[in-house]
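Taking it in order: structure first as structure tokens, then the write-up.
What follows is calculated from the coordinates using simple rules that are stated; it is not laboratory data. Values in this document were obtained by computation on a predicted structure and should not be read as measured data. Cβ coordinates were reconstructed from backbone atoms using ideal geometry, including for glycine residues, and neighbour counts include every protein chain displayed.
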Amino acid sequence: MAADTPSQERQPLWFLLLLTLAVAGGAVAYVPFLTVLLPVRISELMGGEDVAALSYSTFAGAVIASLANIGFGWLSDRSGTRRGWILAGMIASGALLVCVGYATSLSQIIAIVMVWQMSLNMMLSPLLAWAGDCVPDEQKGLLGGLFALAPALGALSGAFVTFPGLADGQTRLVLVAAIVGVMIAPALVFGGGRRMPRLMEPADKLSQRAEAGKRQRKAIVGMWTARLLVQVSEAALFAFLLFWMRSITPDFGENRAANIFSVVLVVAVPIALVAGRWSDRHGRPMVPLAICAALSSLGLIAMALATTENSALAGYVLFGISSMTFLSLHSSQTLRVLPRPQHRARDLGFFNLTNTVPSLIIPGLTLALVPVAGFSALFVLLAALAAVACLLILFLARAR
């Protein structure tokens, strides 16, 4: 591969689309596997549904993923290249995905999943950092809007590979690995030479004054905390949407819950694109984030007050679209506040903890509130967290 060398002041749309396709390929690499294919494989191996076995493999994988994302980010920073790590991670994670189908015991599955998480994050960590190396601040809003395609395509890929009659268990794993390769390879092949010199300047050139460095640290802490607060709310609804809806409508089906979740993901895409493009044109990157956090809080309040199926769904749709838009735009705007390009991938690894920490928080939070005060109490607390995220973003916008 050609070395990544200096390029233009703005990136062409085709390159942004290839980056988006690659990031979506990263989502396809894990969403259908973790949500559908891994539970099915464990069920086949254990002779029935085994929640404990799935929990063990998921928890072990999440711990490894958190550490590997930081570690491989640091290695890609030190090596000065991204595409080689992305390619190696893509090949290794695809091969290990296929190996899951040949596992003959739970211990083998857990071991494979742990190594798979390492190779997956060898690919994912440098991928977002590469976007930070190449895409200027003036286009980060648009990039964030395009990133909204990733979770939508991840969910749709799960529906595609499990379509009745399309493929059996082992072939599904091969199919996922092949789709990921097709989605990521174009960016690797045609994306050389897109780095921008001004995005790679050392930290001492970017910030000469102590005051500027202090503001930068506050911005990083604020962005990290705001994302964590919204992610906690999003993770809670992802895990307990069906249970909550059944507390209002007892016969609410799994398929309806899946369909509603898919609709939210799809509708969030054009909204994120419009909001991101607006922020680029007006130079107001934090405004859409603050609005989305506020609307997420309002959606959660509506859910806490809901007494009918229609009012519950309306509240969830408002929350779901707003939170997904927030998370997509936040992913690209995070690249704006990280002060040290020479540590960009490593620092993004610490931001990635906001994706894994909520899975450790939500079970205890739910058990503490729902049995005693019901889902309404949980949603009020989550609404408060989203409101705090809004205030943090507004503070950052004012500080700028």
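At a glance:
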{"quantity": "Fluctuation leader among 89, 141, 253 - the chain, Gaussian network, Cα springs under 10 angstrom", "calculated": "253"}
{"quantity": "Normalised contact order of the chain, rounded percent, pairs of Cα under 8 Å and 6 or more residues apart", "calculated": "27 percent"}
{"quantity": "Added length on full extension, which subtracts the Cα-Cα distance from 0.36 nm per residue, residue 63 to residue 46", "calculated": "3.8 nm"}
{"quantity": "Estimated distance in nm for a label pair at residue 17 and residue 178, the labels positioned 7 Å out from Cα along Cα-to-Cβ", "calculated": "2.4 nm"}
{"quantity": "Whole-angstrom gap from the range 141-195 to the range 218-277, using each part's C-alpha centre", "calculated": "21 Å"}
{"quantity": "Computed label-point distance, nm, for sites residue 247 and residue 200 using a 7 Å Cα→Cβ extension", "calculated": "5.2 nm"}
{"quantity": "Per-selection Kirkwood Rh - the range 13-199 (Cα, Å, 1 d.p.)", "calculated": "17.0 Å"}
{"quantity": "Tensor-based shape of the chain (alpha-carbon gyration tensor, a/c under 1.5 rounded, otherwise prolate or oblate)", "calculated": "oblate"}
